[in-house]
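Below: the structure, in structure tokens.
Readers should treat all values here as calculations from the given coordinates under stated rules, not as data from a laboratory. The model shown is predicted, which means the values in this text are computed figures rather than measured ones. So basically every Cβ, Gly included, is an ideal-geometry build from the backbone, and we count neighbours across all protein chains shown.
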Number of protein chains: 4
Amino acid sequence: MVLSSAASAVIHFMPFGEEPYRGAVTTEVIILNGGSSSGKSGIARCLQAVLADPWLGFGVDSFVDALPARMQASDKGIVFAADGGVSVGADFRALEAAWMDGIAAMARAGARIIIDDVFLGGAASQQRWQKALAGTDVLWVGVRCDSAVAAGREIARGDRVEGMAASQARVVHEGVSYDLEVDTTDAESLVCARAIAAHVS
Amino acid sequence: MVLSSAASAVIHFMPFGEEPYRGAVTTEVIILNGGSSSGKSGIARCLQAVLADPWLGFGVDSFVDALPARMQASDKGIVFAADGGVSVGADFRALEAAWMDGIAAMARAGARIIIDDVFLGGAASQQRWQKALAGTDVLWVGVRCDSAVAAGREIARGDRVEGMAASQARVVHEGVSYDLEVDTTDAESLVCARAIAAHVS
Amino acid sequence: MVLSSAASAVIHFMPFGEEPYRGAVTTEVIILNGGSSSGKSGIARCLQAVLADPWLGFGVDSFVDALPARMQASDKGIVFAADGGVSVGADFRALEAAWMDGIAAMARAGARIIIDDVFLGGAASQQRWQKALAGTDVLWVGVRCDSAVAAGREIARGDRVEGMAASQARVVHEGVSYDLEVDTTDAESLVCARAIAAHVS
Amino acid sequence: MVLSSAASAVIHFMPFGEEPYRGAVTTEVIILNGGSSSGKSGIARCLQAVLADPWLGFGVDSFVDALPARMQASDKGIVFAADGGVSVGADFRALEAAWMDGIAAMARAGARIIIDDVFLGGAASQQRWQKALAGTDVLWVGVRCDSAVAAGREIARGDRVEGMAASQARVVHEGVSYDLEVDTTDAESLVCARAIAAHVS
């Protein structure tokens, strides 16, 4: 398989097993997983722009926005520590599970969906999505970014707790299997999106 | 039935049929329907604050945010006219149907959910939700606001196309059946939320 | 002087001394002072809509946005405590003084300006503005709101630290002299704005 | 003078005349000029983070936010055309002149200031700032970005009219003189900010 030169710098194609990733089935869900400030949201918006069909975009940020405000400073909910650490509790997990089931139901009802998420639990996070999305065709995409570069972009954004980018850059990928990975360290969101789009069937 | 004096000014209790609204079942979804700038989002946030359980809040605004940007200026998507008129097309309706199915699935998976929507189609909009939410216990709430007052709040917000509030104030309620209605013309969001919460079982 | 009936409920006209507030001079600056969630920003936007000339709107929020992010969690800058308390330090005060001088210079250069501020220091805050604005014609407006109502609106907004509204509702007015006061407890922003506009010369 | 290797790729040092740019004087104002989505705001936030003193950050976006909403769709104000073109009218220019005078006054009052602007008028825009800032020590910085790359970032941001980035990428630099230029095509905001900071005296 030959990727275009523009994409070759950023794509690491990693098929699951021996079957080609692109078959008779139609990609129903694209999951972008990466640390804070790795560029997931920008890639998601570019994907919505370059893909011919209209895809719905959701993400962990929109899920957190849907939570009661009081859960954003609660052990049962989600806590953003001053050092950039993020921890979530039982109520967060319970609501997240229902949210994942709902996103999966949207896909089964015919909407094509792009998710951007931060797999704080690494492989365990991926398993939660796999369970919810059982039977749907998912394209798993890892969004990498050099830790120092992501930390710099965190400062440039100015709306994130400093330290999140660095602390999440590697851990969110631990044990996670992807169909392809992009690296935004030296590649623009739009270039990454086009590379991903080439894998959408 | 006696409502508290604080609530009595704003609540018009309208049970469906003869069954009490509060039975053995547990309210799974609260749907707030009202025109732009009628105060739905504020009431939703107050409901999340006053209800003991954590409820997820979604709405037509978060759905529109999930659409590709290009659909926000497309006949197939959603068009905000300069005079405040809003029209939606085939792609919008198709994705909205899947989104509604997904929200319903979240409720069936155990998440308690508050929706704020603008029933541009009046009774037809309610039927779409009824179809998606079949079998779940829904509390239907109408959020009224005097047209001129809502238009003033639209100016005060400064982030909405002028004219939406006035054009939607009445039409979104046409033919719609509610469990209760609140009117934000003279009542605060928190007062309305407490009145609604009293009907949550 | 007769105020319209709509305005009479909310306006308490309090001239400085015996001179009429409205003379040959032209109002160059309107300062709205009130606690968090009292409705200042909404009134400012409505004033911009109802006044014939184009007025520039600035406020303490836009000033805080102009600060380095690190000053928002620094004793020298501004600290938002978990209980809603707000304290500011030396660097904040120094930059604020320069900012006030700059706003005054905009007015002297011919721009008509609406400021919304929170006089955490009460009379001392007013004196800082009076010093900066010396020689310009200022309309001082107090924006009152019942403490409990403002606290409820704070919940409805969902983007403010809870407790700010209640803790600031009274203290920001201590020792401050106004040309007029409005009370948003029972009056809409647009109604308050029209009442203020009637005092603009 | 030797720039670090990291910076050398992005800095084109262009002193005015033969005098060193860095003298006994202290830099009072940094002006970043570049097209939409060239990265000015991110660089400004990074500058605020890397510079030891607290600098205030303002920009054309904060100025536009200060305008009455009705001026954002008026020939006298500012018009954002569907193709990304931006035109401004007489009222905009008049208020902008006063705003520039005010920013200059803040600098003269002791606040160190970072401005990010889009010189729609090229050299004429620079002259307006030079007039307002007469007597203050200004570091003029050009922020370049390849037109196609900026257009891609515009899509990734998702909150700008498409076409602005491409139409402004070159024209805003026409006839403008800089102390230094950075190019964000291949350099991160934080790297550019450090290069600029090295020129701040």
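Observations
- Amide H partners (placed H, <5 Å) of C:ILE30, local residues excluded: C:ILE113, C:ILE114, C:ILE115, C:LEU139
- Convex hull volume of the protein assembly as shown per residue (C-alpha atoms, cubic angstrom): 164
- Size check on chain C: the Cα extents along the three principal axes, sorted descending, read 47, 37, 30 Å.
- Average projection area in nm² (convex hull over Cα atoms of segment D:30-123, one quarter of hull surface): 6.6
- Radius of gyration, Dmax [segment B:138-201; alpha carbons; angstrom]: 12.8, 38
- For chain D, the membrane-span-like helix rule (DSSP H, alpha carbon extent of at least 20 Å along the helix axis, mean Kyte-Doolittle at least -1.0) picks out D:90-108; this says nothing about an actual membrane.
- Take the Kirkwood radius over Cα pairs of segment C:59-173, plug it into Stokes-Einstein at 25 °C and 0.890 mPa s, and you get 160 µm²/s for translational diffusion.
- For segment A:52-110, the relative contact order is 20 percent, taking Cα pairs closer than 8 Å that sit 6 or more residues apart in sequence and dividing their mean separation by the residue count.
- Relative contact order of chain C: 40 percent, from C-alpha pairs under 8 Å at least 6 residues apart in sequence.
- In terms of surrounding Cβ atoms within a 10 Å radius of their Cβ, D:VAL182, C:VAL161, B:VAL25 rank from fewest to most as B:VAL25, C:VAL161, D:VAL182.
- Most positive-pole-ward Cα, C:GLY77, C:GLY34, C:VAL149, against dipole of chain C from beta carbon charges: C:GLY77
- For segment A:21-116, the antiparallel share of DSSP beta bridges with both residues in that region comes to about 25%.
- Along its principal axes, segment A:30-72 has C-alpha extents of 39, 21, 13 angstrom, given from the largest down.
- For segment C:107-166, the normalised intensity computed at q = 0.16, 0.17, 0.25 Å⁻¹ comes to -0.69, -0.74, -1.06 (log10 of I(q)/I(0), Debye sum over alpha carbons, equal scatterers, no solvent).
- Sum of -39500 (n - 2.57) over DSSP H runs of 4+, divided by residues of chain A (222 nm, nearest 500): -11000 deg cm²/dmol
- From least to most packed, judged by other beta carbons within 10 angstrom and beginning with the fewest, A:THR26, B:THR27 follow the order A:THR26, B:THR27.
- The ellipsoid equivalent to the alpha-carbon distribution of segment D:69-119 has semi-axes of 26, 13, 7 angstrom, derived from the gyration tensor eigenvalues as √(5λ) and listed largest first.
- Trypsin sites (Lys or Arg not before Pro) restricted to DSSP loop in segment C:41-86 with at most 16 other C-beta within 10 Å: C:LYS76
- The aspartates and glutamates whose alpha-carbon is closer than 18 Å to the alpha-carbon of C:LYS131, local same-chain residues fewer than 8 away aside, are C:GLU28, C:GLU96, C:ASP101, C:ASP116, C:ASP117, C:ASP179.
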